Structures are given as structure tokens and as C-alpha cells.
1. Give the residues of the range A:296-330 that are surrounded by 22 or more Cβ atoms within 10 Å (Cβ to Cβ) and either touching a His at 6+ places or on another chain (Cβ under 8 Å) or part of a strand (DSSP E or B) (or both), sorted by residue number.
2. State whether the residues of the range A:222-231 include one that is over 15 Å from the mean Cα position of the chain (by Cα), modelled with pLDDT under 90 and within 16 Å of RNA strand B (Cβ to nearest atom).
3. Which residue out of A:Thr228, A:Thr232, A:Thr188, A:Thr287 is buried (at least 22 other Cβ atoms within 10 Å of the Cβ) and more than 24 Å from A:Glu354 (Cα to Cα)?
4. Quickly run through the range A:56-81 and pick out the residues that are near RNA strand B (Cβ under 9 Å from one of its atoms) and farther than 28 Å from A:Asp91 by Cα.
5. Tell me, which residue of the range A:142-167 that is of a type in the set (Gly, Ala, Ser) and out of contact with any Phe, Trp or Tyr (no Cβ under 8 Å at 6 or more places or on another chain) is surrounded by the fewest Cβ atoms within 10 Å (Cβ to Cβ)?
6. Restricting attention to strands (runs of 3 or more DSSP E) lying wholly within the range A:331-429, give those where 3 or more residues are within 26 Å of A:Glu304 (Cβ to Cβ) and among the aliphatic types (A, V, I, L, M).
7. Any idea how many residues of the range A:1-45 are among the acidic types (Asp, Glu), more than 12 Å from RNA strand B (Cβ to nearest atom) and assigned to a helix (DSSP H, G or I)?
8. Specify which of the listed residues (A:Glu382, A:Glu354) is under 20 Å from A:Asn118 (Cβ atoms) and under 31 Å from the mean Cα position of the chain (by Cα).
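The values are calculated or read from the model by the stated rules, or taken from the named source; none is laboratory data. If you're wondering where the values come from, they're calculated on a predicted model, not measured in any experiment. Positions of Cβ are generated from backbone atoms using ideal geometry, with glycine treated the same way; all protein chains shown enter the neighbour counts.
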Amino acid sequence: MLDIKFVLQNLELIKQNAENRNVKVDLDKIASVYEERKLLQQEIDELRSERNVIAKDMTSCSAENRPVLVERSKEIKEALATKEKRFKELDESFTSEFMKVPNLTHPDSPLGKSEDYNREIYRYKEPTQFSFKPKDHVEIGQDLDLIDFELGTKVSGSKFYFLKNEAVLLEYAITKFAIDALIKEGFTLISTPDLAKMEIVEGIGYNPRGSEAQIYSLNNSDLCLIGTAEITLGGMLANSVIDEQDLPKKFVGISHCFRTEAGAYGSFSKGLYRVHQFTKIEMFAFTTPEKSEETHEYFKGLEESLFRALDIPFRTIDICVGDLGGPAYRKYDLEAWMPGRRGDDENTNGNWGEVTSTSNCTDYQSRRLNIKYKSKETGKTEYLHMLNGTAFAISRTLISILENYQQSDGSVLVPKVLQPYLGFDVIKR
RNA sequence: GGAGAGUUGGCCGAGUGGUUUAAGGCACUGGUCUUGAAAACCAGCGAGGAGCAAUCCUCCCGGGGUUCGAAUCCCUGACUCUCCGCCA
């Protein structure tokens, strides 16, 4: 959510921004409904003011005047009921459209309508070379008895899986490695609920309703399965005011993530790449507006250093304007090399696949969730900035490890940095 | 699951139908004093909206109701605490 005053004063800029971001939103309707709502609000205020005056006079008025005042007050009450009902309709109409307005965009984000315009800004190593034909992680997982998709389908449905044996240990090793690194950076460790209220989910910017919803919701309840710990970590401070001296607040959360993945099929989402449930280690920060860009770069740097530590080739992408989600002001993705992924050309093997992502959502989420900070200098309360970043999404990290570290004999080496957490350096049968 | 008590500004907390347009305290900001600081004293200080301004409106957990008038009464939902029951 943006500041309505800012939107009205910069209507053309906001229109252009929405168009650049591929968001369909009727800003003229927003402006006209808001104006109508405002005028009605003024009428309502006048009536209320008169009612308040009468209520005050009532204590001191003469006996014969009293029925006159009561009569007028009753008229006001009826008039108010009608106007307030209309106001509620206008307000709902305004709010539902206004919520669609996307965040402003960082001036350096590449302009473009689709992911083709995303800009590579950093690369760590070139794609892994093999002296043999590399397998994909589905085959490796099967051969080494690490991942069982058939069991997942049998018990829970398609796009569910069971991790087995060393893959389970890898999940814990990756988790512990990330936690250790981030605690050193001053993050507070959190294990969050896997369910959250709809108002929180919406506040973060996800749409939990409708056919395109990426979020599972529970019947007979206002709860949703979280799609990411971003929801619960951001929701932690909903409706609160933080002293500036307590910022930035940095959290690292461990959570299960649930995604409906409606309509996501095909060879680009094979195996573990696109699943209904996975574990994620998520970074989150609340900062002052002045510090959010710096923190965003810091998160990007952390994500890069974590993947460099695994020694897996990756590239960092500055996401283009048209590919940004509603809340993001700017977003960077890390794409790891996945040797088993289908190439852009059907006959080639290997491709880049998104493994982490970090967004600066500025005050877009804090406005919806009502999270402010008290400025030390002015004593005023202002909306703070919120940022999120993936440390590791376990499922996709497993893909990148299994596929890049596979050997000609079918075994998989363990990244050096994880060996101390596992006590072995190779997975084989 | 049963019984009882609660939810008020950044925090604590008074307030059971009309001088509460929310007392008081803490914290915070400015000032006096001081070599400096602390203390003390003085002053300011909740949020949102409309308006050039004066000023006006809304907000006392959410929703609904009673009343000329509701933080205050009624209904309902959420949450917190205490005790009991059950249970990893």
C-alpha cells in the first residue's frame, strides 16, 4: 500500500509505474472514488459535530427545549445511518482497488515487461563441466535413494516428496550452516508458525483468495498455510511502534513453506524445483527508510557469500520492473547452475534456476501492517522499511548440490563447508 | 473443555452514561540551573482524517446493538491472565 496523498499528487507517475510493472489498476477510479468518499466524510463530520453539540446542551437546556433537541438529534441519527452506509460502500470500493497499486520502483531496476529484461550483475564461476553426461537430481535422488516422489504422490499428491537418508541429513546440515553464519551477523534466530491469519498474509502482499492464489487457506478458519516465513516474520511486529535505537532488527527464520503452484507444470518445474512444500531459511529486516537500500545490498551480499561457500556456480540478477511482485521496490535473485535442468533449447542440458531472492519492500508492507518507528530526532512516528531475503530454500539447494557435485561413478560429493556438519564427504551406494 | 478476571496513547495506569475534547506517572523533546553530567524545576508531548486557517471529525481489542448522548450498558468474536480438567 502506498500513501494515498502521494498517489493523488503524482497520479501520472503512479499510472506509468503500474503500467511498467504489468499491473492493471484503475487509478482514475481510485481518484474519483476517493474524492466522493472525502466529500461524504465531510458531510458526516458536520452531522456528527451537530449531534455532539446537542448532546452537550442537553445537560443544561430548559425543560421545554429538551424535546426539540431530542427530535433534531433523532433526525441526525437517521441521516447519519444512510450516509454511513454509503460511506462504507465507497470505502470498500476504494480500498480494494487501492490495494492493487504496486510499490514504487527503484530507478536502477532494468526497464522491461518480462524476465527477458532481467539484468545479470554478478557471476560466480562458469557452468560446471562434466566428462560424462550428467544426470538430473530426480535420477540422482532415485539412484542414491535420497528423494522419493512416488511416495510423495501416493501419500500427499503430486508435487510432494519424501526426503530419505543423507538428503534428510543434508537438510539439517544446510540449515545449521546458514544459522551459524547468520547468528554471527547478528540475526535473531526464530522458528515461526506455519500458519498465519489472512490479514497478516494480505498485509505482506499475498492474495490468499481466488483461483490464482499461491497460498493454501484452511476451511472454516481465517488461517492460511504460509508460503514463506516472510509472512510470519513480517507479521511479528504488526500494529506496533519501534524505537529508532532498536533498529535495524534482523531475524533469521526457519519455516516450512506451502505453495499451491496452481498451473505450474512442464519440464522447467520438474522434480524438486516446484513443489507444494519445502523448508526455507529466511532472512528478514526492519530498518529505517535511510538504511533499507544499504540493507538490501547487505542481504544480496549474504546470499552470494552463502552460495559461494557451497562453491556452486551462480549468477545474480537484478529483476526488471515488469517482473517485480506488488510489494517489491527492488529485487535480486540468485540463480544457481543446474546441470540437469532443461536448457533454453530443448536439446541442450543445464540451465540457471532461481535459488534465492531478496526484496526491498520499503514501506509498502509496513503501511498495511501498521508498523512504525519512533524517530529519535523528531519524536514522530513513521512507517519503517521491511526487507526479506532467502538464505537457503532447501529443495532447490539440494538440486544444485546433487547436480553440480555428482561424479562419474554416480556418487555425489559433499560441499566442503557442509562436511563438518555431516561427518562424511561423499554420498554413494 | 469448565469457572472467574481482564484488554485504555511508545510503556504503566485512572476512569461504570453527559465539565474525559482520556487523569496521573514513565519515556521522549526543549529550557532553567551546572565546568560537564545527574538530580531538581518549567514547558511541550497519542494516532488518523478534512481545512489556507480558526476549527471540526474519528479512534479506549474487533464486530453489532441500546440511548438525545457510550471508554462506560447489552450481544457477539478474538486474545491475555488465574484456577480446574485433559494431554504430548
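1. Hits for the range A:296-330 are A:Phe314, A:Ile317, A:Tyr329, A:Arg330.
2. Kept after step one, since they are over 15 Å from the mean Cα position of the chain (by Cα), are these residues of the range A:222-231: A:222-223.
Cutting the leftovers down to modelled with pLDDT under 90 gives us A:222-223.
Cutting the leftovers down to within 16 Å of RNA strand B (Cβ to nearest atom) gives us A:222-223.
Within the range A:222-231, one or more residues are over 15 Å from the mean Cα position of the chain (by Cα), modelled with pLDDT under 90 and within 16 Å of RNA strand B (Cβ to nearest atom).
3. Numbers: A:Thr228 fails: more than 24 Å from A:Glu354 (Cα to Cα); A:Thr232 fails: more than 24 Å from A:Glu354 (Cα to Cα); A:Thr188 fails: buried (at least 22 other Cβ atoms within 10 Å of the Cβ).
Every option except A:Thr287 fails the conditions.
4. Pass one, the range A:56-81, residues near RNA strand B (Cβ under 9 Å from one of its atoms): A:56-60, A:66, A:69-74, A:76-77, A:80-81.
Once the filter is applied, which keeps residues that are near RNA strand B (Cβ under 9 Å from one of its atoms) and farther than 28 Å from A:Asp91 by Cα, the range A:56-81 yields A:Lys56, A:Asp57, A:Met58, A:Thr59, A:Ser60, A:Arg66, A:Leu69, A:Val70, A:Glu71.
5. Just the residues of the range A:142-167 that are of a type in the set (Gly, Ala, Ser), to begin with: A:152, A:156-158, A:167.
In the following step, the residues that additionally are out of contact with any Phe, Trp or Tyr (no Cβ under 8 Å at 6 or more places or on another chain) were identified as A:156-158, A:167.
Values: A:Ser156: 13, A:Gly157: 9, A:Ser158: 12, A:Ala167: 23.
Filtering first and then ranking leaves A:Gly157.
6. Working: elements: A:349-360, A:371-374, A:381-383, A:385-393.
Qualifying strands (runs of 3 or more DSSP E): A:385-393.
7. Step one: list which residues in the range A:1-45 are among the acidic types (Asp, Glu), which gives A:3, A:12, A:19, A:26, A:28, A:35-36, A:43, A:45.
Still in the running and more than 12 Å from RNA strand B (Cβ to nearest atom): A:12, A:19, A:26, A:28, A:36.
Next, only the ones that are assigned to a helix (DSSP H, G or I) stay: A:12, A:19, A:28, A:36.
Counting residues in the range A:1-45 that are among the acidic types (Asp, Glu), more than 12 Å from RNA strand B (Cβ to nearest atom) and assigned to a helix (DSSP H, G or I) gives 4.
8. On the way: A:Glu382 fails: under 20 Å from A:Asn118 (Cβ atoms).
Of the residues listed, the single one that is under 20 Å from A:Asn118 (Cβ atoms) and under 31 Å from the mean Cα position of the chain (by Cα) is A:Glu354.
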